[in-house]
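Below you'll find the structure, written out as structure tokens, and then a few comments.
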Amino acid sequence: MAPFTVIGKRLISRLSLLAACAAAALFLVQCGGGGDATVFVKEPLPYSQDALAPFISADTMGFHYDKHYAGYVNNANRLIRGIGPAGNTPEAVIRMTAGDASRAAIFNNAAQAWNHAYFFKCLKPDGGGAPEGLLAEMIDASFGSFTDFKALFLTAAKDQFGSGWVWLVLDEGRLAVVAGANADTPLAHDLTPLFTVDVWEHAYYLDYQNRRVDFVKTVLDNLANWDFVAAQLEKAIPADEKVAADG
């Protein structure tokens, strides 16, 4: 598996993956009959399928959520049968299979299920604009300004060849923009995910055709759920480092 492309990264001390572990709350781990485990579940949307219109249509959300996302969840659960007790969370499955060519199908479907659940949490009606608080301060410290961050994020979306994802992550105590192909995910690279936009064509083609950058800009301007992102950042940063940042 090719490494993430890291854009605009600055040197600082490494943090633990607390946020990645906390993101396990995006999934319910339920035990099924006969000893089988349903590790991946189709998370309910936090809004109706038409709530993001006109920026993302109900048709796009319907196909994206009920077809693509549901398919990854179903495939992941089918493929992980017999993987053993170590694979009892989505994050564990992803880390167990990342970089293992013999388990590529498991990784692809598991990571896509996780990525999609996270992406839907990154959106909300009447979202977008500039964040506030610690998130805003760290964006300024890492990129120069929110405007500079947006430019970097849009460039990453434009330059990502083929399908993939663009992420805002916490890496070594600072924020970075990374891009990954296909099902790649920060969890496979010891990075803490904060915000993402899906740049697979199924995420935008009905509404934007080949205008990927317009889609990503629309998300940043109108739909980004910075409250959710800020909450993930707060979970990831130890209390002593928050005090130091405030000082």
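None of the figures in this text is laboratory data; all of them are computed from the coordinates on show. Everything quoted here is computed from the prediction, not taken from an experiment. In this analysis, Cβ positions are derived from the backbone assuming ideal geometry, glycine residues included, and neighbour counts consider all displayed protein chains.
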Roughly how many Å is it from the Cα centre of segment 71-128 to that of segment 135-204, as a whole number? 19 Å
So how far apart, in nm, are the two label points at E172 and R78 if each is 7 Å from Cα heading toward Cβ? 4.2 nm
Where labels lie 7 Å past Cα in the beta-carbon direction, separation of D126 and K67 in nm: 3.2 nm
Can you tell me the FRET efficiency between D190 and F161 if r is taken as the Cβ-Cβ distance and R0 is 25 Å, rounded to the nearest 0.05? 0.55
Partners for K217 among aspartates and glutamates (Cα-Cα distance below 16 Å; same-chain residues under 8 apart left out): D126, D148, D159, D198, E201, D207
Under the definition of Cα pairs under 8 Å and six or more residues apart, what whole-number percent is the relative contact order of segment 39-154? 28 percent
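At 37 °C and a viscosity of 0.692 mPa s, what translational diffusion coefficient does Stokes-Einstein give for segment 76-183, taking Rh as the Kirkwood radius over Cα pairs? Give it in µm²/s as a whole number.
Taking Rh from Cα pairs, D becomes 206 µm²/s.
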Residue order, fewest to most beta carbons within 10 Å, for M96, M61: M96, M61
Can you tell me what the convex hull of the Cα atoms of segment 138-222 projects to on average, as an area in nm²? 5.3 nm²
Value of Rg to Rh for segment 27-121 (Rh from inverse mean 1/r over Cα pairs, i.e. Kirkwood): 1.02
Can you run phi through the Karplus equation (6.51, -1.76, 1.60; θ = phi - 60°) for segment 174-188 and list ³J(HN,Hα) in whole Hz, with x for Gly and Pro? 10, 8, 8, 9, 10, 10, x, 7, 6, 9, 4, 8, x, 4, 7
Contour excess over end-to-end distance, with Cα ends at A58 and T38 and 0.36 nm allotted per residue: 4.4 nm
